[in-house]
Each structure stands twice: as structure tokens, then as C-alpha cells.
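Computed from the coordinates by the stated procedures, all read-outs in this text should not be read as laboratory data. Quick caveat: nothing in here was measured; it's all calculated off a predicted structure. Here the Cβ positions follow ideal geometry from the backbone for every residue, glycine too, while neighbour counts run over all protein chains shown.
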Amino acid sequence: MIRLSDIEEKLLRTTVKGLSRVIILWLVSQKKMSGYTIIKEIHRLTDFKFTSRIIYPLLYELEEKELIKGEWVKKGRRNIKYYSITEKGESVLNRLRELFDKPVKQVIESLLI
């Protein structure tokens with residue numbers, strides 16, 4: 001594994017943090033997920049560990065903006081909140097897809113080469 005400098009690590013983390021709302025929208029558009037599962041999936045996708053102190057405020061923000069909705073489900077003795085995307089969230093996600101499909105896509109593709 002390549003060792004990154006502190007500056008590179010900070011740039012990568014800042015980039016992933018900036019995209020975290022988009023990643024959350026995309027994840028919950030695939031299937032309903034708990035906050036814990038979202039944290040695990042973001043780690044799997046980005047290799048960065050985000051704590052609940054970072055993710056839950058984002059979930060509450062997205063829920064407040066009606067881009068996602070939470071639904072409490074009883075699992076044994078515990079209540080777990082599962083998040084899914086709303087129609088408004090789907091619309092925003094589709095607009096973001098269009099944005100990333102334009103010149104930004106060329107930048108991203110050139111970064112992957």
C-alpha cells in the first residue's frame with residue numbers, strides 16, 4: 001500500500017467528506033439502510049472510517065430537507081431506524097448524476113487513469 005503524506009491524506013478525506021451526502025443518497029437509493037450500515041458501506045467504498053458523530057448529523061440534515069426518510073423498525077428489543085430515499089431525494093440524485101455526466105465526468109475519468 002502506498003503511504004500518503006499528511007497533505008494528500010487530508011485532501012482525500014476532505015474530498016470524501018464533501019461527497020458524503022451524495023454517497024448517502026446513492027446508498028439509500030439502492031436499499032433501505034440503518035445508520036450503522038451506511039457507516040460500514042461508506043468505509044467499504046472509500047476506505048475511510050467515519051464515526052457516527054459525522055454520519056448521523058448528515059442523515060438528520062438530509063431527512064430535514066426531505067431527501068431521505070427514516071422509519072423505525074423493531075428488531076428484537078431494539079428499535080432501528082432505516083433510511084430510504086424520497087421522491088425529492090431521487091430528483092436531486094438524478095440532477096447530481098447529470099452534473100457528473102458532463103465535463104466533471106471528464107475530470108473524474110482523467111483522475112482514474
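Couple of notes before you dig in:
- Highest mean first, the peptides 20-29, 81-90 sorted by other C-beta atoms within 10 Å per residue fall in the order 20-29, 81-90.
- Look at where the Cα atoms of segment 69-86 and of segment 50-67 average out, and the two centres are 14 Å apart.
- Rounded to the nearest 0.05, the FRET efficiency derived from the C-beta distance between Asp6 and Lys40 at R0 = 30 Å is 0.70.
- Read-out semi-axes √(5λ) of the Cα gyration tensor in Å, derived from the coordinates shown; its label in [x] 19, 17, 16; [y] 33, 15, 10; [z] 27, 20, 11: [z]
- Projecting label points 7 angstrom from Cα along Cα→Cβ for Thr51 and Val16 puts them 1.6 nm apart.
- Sequence-ordered 3J(HN,Hα) estimates for segment 55-62 from the Karplus curve with 6.51, -1.76 and 1.60 and θ = phi - 60° stand at 6, 4, x, 5, 4, 5, 5, 5 Hz, glycine and proline given as x.
- Helix-only mean residue ellipticity at 222 nm for the chain, each DSSP H run of n ≥ 4 adding -39500 (n - 2.57), per residue, nearest 500: -21500 deg cm²/dmol
- When peptides 47-53, 37-43 are ranked by their average number of other Cβ atoms within 10 Å per residue, the highest-first order is 37-43, 47-53.
- Ranked by how many other beta carbons lie within 10 Å on average, peptides 72-78, 5-11 from highest: 5-11, 72-78
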